[in-house]
Structures are given as structure tokens and as C-alpha cells.
1. Would you mind telling me which numbered condition in (1) surrounded by fewer than 15 Cβ atoms within 10 Å (Cβ to Cβ); (2) modelled with pLDDT under 95 residue B:93 fails?
2. State the number of residues belonging to segment A:210-226 that are within 14 Å of the chain's Cα centre (by Cα) and more than 9 Å from ligand 2 (Cβ to nearest atom).
3. Please tell me if residue B:76 is within 14 Å of another protein chain (Cβ to nearest Cβ), buried (at least 16 other Cβ atoms within 10 Å of the Cβ) and either within 21 Å of residue B:124 (Cβ to Cβ) or away from ligand 1 (no atom under 11 Å from the Cβ) (or both).
4. Looking at (1) over 18 Å from the mean Cα position of the chain (by Cα); (2) part of a strand (DSSP E or B); (3) under 23 Å from residue A:289 (Cα atoms), which is the only condition residue A:20 fails?
5. Please enumerate the residues belonging to segment A:53-78 that are under 19 Å from the mean Cα position of the chain (by Cα) and more than 8 Å from every other protein chain (Cβ to nearest Cβ).
6. For the subset of segment A:193-238 comprising residues that are touching a helix residue (DSSP H, G or I) at 6+ places or on another chain (Cβ under 6 Å) and within 20 Å of residue A:181 (Cβ to Cβ), which member is farthest from the other protein chains (Cβ to nearest Cβ)?
7. Residues to consider are A:44, A:82; find the one that is more than 10 Å from every other protein chain (Cβ to nearest Cβ), part of a strand (DSSP E or B) and at pLDDT 95 or above.
8. Residue check: is residue A:53 surrounded by fewer than 24 Cβ atoms within 10 Å (Cβ to Cβ), more than 15 Å from residue A:195 (Cβ to Cβ) and within 16 Å of ligand 1 (Cβ to nearest atom)?
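The values are calculated or read from the model by the stated rules, or taken from the named source; none is laboratory data. Source: prediction; values computed, not measured. Cβ placement follows ideal geometry from the backbone for every residue including glycine, while neighbour counts extend to all protein chains displayed.
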Ligand SMILES: Cc1cc2nc3c(=O)[nH]c(=O)nc-3n(C[C@H](O)[C@H](O)[C@H](O)COP(=O)(O)OP(=O)(O)OC[C@H]3O[C@@H](n4cnc5c(N)ncnc54)[C@H](O)[C@@H]3O)c2cc1C
Ligand SMILES: Cc1cc2nc3c(=O)[nH]c(=O)nc-3n(C[C@H](O)[C@H](O)[C@H](O)COP(=O)(O)O)c2cc1C
Ligand code: FES
């Protein structure tokens with residue numbers, strides 16, 4: 001039976017299958033080219049990019065926790081101009097949708113990064129990170145109020161002509177309200193979840209494990225929270241939802257799709273198995289064959 | 001050099017220093033060749049394969065022998081993941097991503113070099129010594145440990161080059177730290193060092209004093225090992241850089257140690 005895994009997220013963002021990579025966990029894609037054929041992915045979302053270069057937080061930035069990890073990278077990157085000049089020409093060769101994850105300290109910052117990315121045809125979409133828990137100003141502040149989310153979405157919408165994904169924070173009382181605010185200002189889709197704010201202490205040394213004390217929790221530990229939030233948001237908004245948080249295989253990805261996600265992203269699992277993304281595509285394919293599914297859309301939002 | 005995900009099989013395991021270390025000898029499980037061109041300083045991301053450990057653990061190449069197809073790892077039981085790895089048995093499988101990271105630099109043949117290892121930091125020094133010797137430079141090792149029983153692979157080191165030893169309790173060699181050994185005062189074309197951070201810092205200071213060039217191998221905590229997550233950074237004169245891709249070996253002039 002012919003199987004259609006392709007998904008259309010709107011405003012030109014078409015993926016050959018629903019599997020993408022999560023920002024900050026997949027570098028610029030090329031780091032994984034020894035292990036997988038990136039052409040087989042629906043899309044790849046590159047590292048968080050800001051207007052100016054950022055050194056990020058002090059070491060230690062990582063701690064393993066039960067079925068997950070905390071990170072406090074703090075958006076280390078060389079800035080949007082460096083990305084455009086040095087990295088973009090190298091990673092354009094992949095036959096898969098390139099999405100650039102964008103962060104800023106003010107709505108104008110976000111808009112300026114997007115304005116500079118706009119002329120690059122190879123950037124199919126921007127994913128607006130209004131939810132990073134690891135930077136002092138901006139970041140999560142925008143993601144935790146409807147006004148903040150609306151202001152950033154409005155600014156980016158005016159600056160970028162193609163698909164705009166707004167990435168939501170789980171560290172809020174009502175994630176659906178934030179999603180609705182982004183939708184109202186013209187977001188083409190929303191992705192969730194970013195990391196959950198967490199903390200771990202090294203009791204031997206009597207010190208926090210991270211230099212920043214608190215950080216962002218990711219990995220399988222967060223998956224049930226993420227599935228629940230995707231389910232709630234998918235019921236509330238009309239735009240497509242991209243689900244992520246703790247996905248490690250095709251089965252996990254299907255949970256999000258059944259909860260209402262049109263596409264999914266795989267993050268932390270890339271550290272454990274650098275070939276996990278392509279395996280997930282194969283596992284989804286296999287599932288569809290076993291269950292007589294001819295279009296992935298048949299499974300979307302069935303719960 | 002292409003990075004690969006490979007299942008290895010353990011063909012030999014020896015516990016060293018009263019069960020606190022294991023020397024594992026491995027071959028590619030399906031009988032195929034080892035990845036070409038693996039060199040001293042590089043490491044593998046090892047799947048500990050045990051409950052409660054999710055991320056891979058970085059472990060240095062202790063020795064690689066293309067003639068026999070053997071790869072050796074020297075592992076200290078430092079926590080949950082390395083505990084599980086040291087408790088594996090002959091015949092068990094170990095999944096690794098390798099080769100990762102950069103290598104030590106090679107001096108001109110006949111150079112005067114000192115290879116300093118502390119604790120499990122001796123691991124990469126064995127393969128480095130073997131490579132230097134093959135290139136016509138006689139390696140001189142300076143190995144430090146708490147006590148005689150903690151000195152690892154002494155037979156292997158002695159087969160490869162001249163060995164100096166320090167122990168903190170004086171049970172063998174010079175009493176004290178590696179930097180208390182007179183060999184440390186001489187000038188070398190290169191001092192190579194791997195061990196606990198405080199030890200590497202004091203070796204770096206003494207190399208500076210004697211006018212020797214010095215390379216150290218850092219052991220920052222890692223998540224991906226591939227340059228993708230930016231968790232393993234070290235402050236350098238070029239800003240924060242990833243130890244897993246731009247290291248683990250750094251010339252001390254690149255670091256902001258003083
Ligand atoms: C490039 C590189 C090469 C290495 N080579 C070797 C080797 O050849 N043999 C060997 O035995 N060890 C080596 N290590 C250290 C080894 O990776 C750590 O001991 C291991 O990751 C600890 O994991 P665990 O689950 O056993 O301990 P955990 O339970 O995770 O932690 C136990 C303790 O170890 C500390 N720790 C955790 N990760 C590291 C780390 N990466 N480095 C140092 N301390 C850490 C923790 O802070 C904690 O105090 C190397 C590290 C790096 C980065
Ligand atoms: C090391 C690390 C760095 C991250 N950096 C970013 C980032 O720059 N921008 C962003 O929007 N999300 C970032 N994230 C969050 C992930 O994209 C993802 O939302 C989160 O990890 C949950 O997915 P997972 O459980 O599959 O990893 C980062 C996560 C990790 C672990
Ligand atoms: S461990 Fe991920 S970048 Fe080095």
C-alpha cells in the first residue's frame with residue numbers, strides 16, 4: 001500500500017515526513033552527517049541564533065537526571081551574520097526543510113534576526129524561541145505572558161515572509177492561552193514543549209550541579225507533560241501544532257501525533273543514538289504498514 | 001575521519017587496583033575491521049547500558065592495535081555509568097560512538113618528551129607513547145598515583161618507554177605529586193598531560209617554568225560528544241569552545257589557566 005507521510009504546515013512549509021530535529025540538540029545538522037542521511041528527515045531545526053554573538057553560561061552547563069538531563073547552555077552562538085556568512089552556505093545542501101531557531105532580548109531583536117534571514121530562500125521557516133529558561137533577560141519572559149508572546153509574534157510576523165513557528169514554554173499556568181495569543185498575531189504554527197525549569201544539587205560537594213543553579217529539563221522524563229500540553233493546545237488552536245519533549249523512537253512520536261501534532265521534533269535522544277531520527281521515520285513507516293494506515297493524517301488528533 | 005556507531009564485544013576484562021578500575025579489551029562484534037586512523041587523545045562515547053544512565057560516557061582510547069583488531073579502555077569506577085562499565089564480563093557487548101575529538105600533536109622524531117599521567121589519566125598516555133615510539137621519539141612517562149596499588153598498567157608502560165613514578169604515600173617511586181619529581185624540572189620539547197584538573201594545572205605551571213611546550217587532555221562533562229549541544233565548553237583565548245570537538249587535547253597557551 002502506498003503510504004503518505006508528508007505533512008503541510010502551511011505557508012510553504014511542507015515536510016516529506018513529520019520528523020524534525022529540536023534546536024540546540026542537533027547543532028547545524030552537519031554534526032550528524034556521518035551517522036544519517038539528513039535528506040531522509042522532514043526538517044532540521046538549527047541552533048538558537050541571536051542578533052549578536054553570545055558566549056553562553058559558565059561551565060558546568062549539564063547534569064544528567066532520572067531519564068533526562070538539565071542544561072544551561074544559555075544560547076551560545078556566533079550571531080545571525082556569522083550564521084548567514086559561514087554556516088548557511090554549508091548546510092543548504094541537505095534536501096530537507098531548514099528551520100532557524102531565533103532568540104532575542106526584545107521584540108525588535110527577534111524581528112531584526114528574522115529580517116536578516118528573510119532573503120535566504122533555503123530558510124523555510126523560523127522557529128521563534130520565546131521560551132528559553134537559560135537567559136536572564138527576555139527569553140522565557142516573553143513566553144510566560146500572553147502580551148509578551150503576542151508582542152514577539154507580531155514583530156516577527158512583520159519581518160519574515162515565510163513560515164513562522166512560535167515555540168512555547170511549558171513553564172506557564174495555561175499554555176493554551178499563550179498559544180492562542182501567538183495564533184492571533186499570525187503564527188503559522190506552534191511548537192511545544194521547550195525545556196521545563198528544573199534544578200539538581202550535588203550533595204557530596206553541597207553545590208548546585210549547574211553554574212546557573214536552575215536549568216532546563218529535557219528527555220524522556222518530560223514526555224507525559226509534553227504530550228498532555230500538545231493535546232490541550234491542539235484542541236484549542238486552528239494552526240498546526242509541532243510536538244516535542246522526550247521523543248526517543250517512532251512509538252513516542254506517534255503519541256504526539258495522536259495527541260494532535262502535525263509534526264514532531266527529536267532533541268535529547270540524538271545524544272544517546274545519533275541515528276535516532278532516521279530510525280523514528282522507519283518505525284513510523286512500519287507502524288503505518290502494520291495498522292493499514294495510508295496517510296499519517298489518519299492518526300492525527302485521534303485522541 | 002568518519003564517526004561511527006559500533007557494537008564491540010569484550011574479549012578480556014581485568015580488574016585493577018582492588019576493583020576500582022577495569023581494563024577492557026574489545027573487538028568489533030561482527031568481526032569487521034576497526035575504524036581506520038584512530039589516534040591517541042581521541043575518545044569514544046560509551047553506552048553504559050545500565051538502568052538509570054541515559055547519556056553516553058566519554059572514555060579515552062587506551063590502546064588500539066590494528067594488527068590484532070583490539071581496542072583497550074581503562075575505566076575508573078567513578079559513578080553509576082562507569083561502575084556498570086567496569087562490571088561487564090567477557091563476551092558482553094559495548095556500544096560506542098567513535099572516534100571523537102582531536103589528537104595530541106607529534107613532535108619531530110628524536111624530540112625530548114615527557115608523558116605525565118595521574119590516576120586514570122594515564123589512559124591516553126599509553127597509546128600516545130606507542131605512537132611516539134613508532135615515530136622515532138622515545139617516550140618518558142611520569143605516572144602519579146595515591147599509592148603503589150593505584151598505579152595502572154605499569155608493565156605496558158615499561159614495555160613502551162622509560163617510567164618515572166610518584167606516589168602520595170611514598171609506597172613506590174618519589175613521594176608526593178608528579179610535580180615533585182625531578183624529571184618535571186627539565187626542559188622538554190613537549191610535556192603531555194592527562195589527569196585530575198588540579199594536577200594538570202600544576203603540571204602546566206611547571207612546564208611554563210621550564211620553558212617546555214605543554215598539551216593537556218581535558219575531561220569536561222559531555223552530553224553529545226559531537227559538538228552539537230555545547231555542554232562541554234572550556235574557556236579559551238578564543239572564547240568558549242567545545243572540548244569534544246576542539247579538544248579534548250589543548251595546548252596550555254590556548255587555555256585561560258594561570
Ligand atoms: C574526553 C574524556 C575522556 C575520558 N577518559 C576516561 C578514561 O579513559 N577512563 C575513565 O575512567 N574516565 C574517563 N573520563 C571520565 C569519565 O567520562 C567520567 O568519569 C564518567 O563520565 C563519569 O560517569 P559516571 O556515570 O560513572 O559518574 P556520574 O554518576 O555521572 O558522576 C560521578 C562523579 O563523576 C563526575 N563526573 C561526571 N562526568 C564526568 C566527566 N566527564 N569527567 C570527570 N568527572 C565526571 C561527577 O561530577 C560526579 O562527581 C573521560 C572524560 C572525558 C571528557
Ligand atoms: C543542550 C540543549 C540545548 C537547547 N537549546 C535550545 C535552543 O537554543 N533553542 C530552543 O528553542 N530550544 C533549545 N533546547 C530545547 C529543545 O529544543 C527541546 O525543546 C527540549 O529539549 C525538549 O525536547 P527533548 O526532550 O526531545 O530534548 C535545548 C535543549 C537542550 C537539551
Ligand atoms: S558534549 Fe555536546 S558539544 Fe561537546
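1. Failing condition for residue B:93: (2).
2. 0
3. Spelling it out, it is not the case that residue B:76 is within 14 Å of another protein chain (Cβ to nearest Cβ), buried (at least 16 other Cβ atoms within 10 Å of the Cβ) and either within 21 Å of residue B:124 (Cβ to Cβ) or away from ligand 1 (no atom under 11 Å from the Cβ) (or both).
4. (1)
5. Answer for segment A:53-78, where residues must be under 19 Å from the mean Cα position of the chain (by Cα) and more than 8 Å from every other protein chain (Cβ to nearest Cβ): A:70, A:72, A:74, A:75, A:77.
6. Among residues in segment A:193-238 that are touching a helix residue (DSSP H, G or I) at 6+ places or on another chain (Cβ under 6 Å) and within 20 Å of residue A:181 (Cβ to Cβ), the one farthest from the other protein chains (Cβ to nearest Cβ) is A:236.
7. It is A:44.
8. No, not satisfied.
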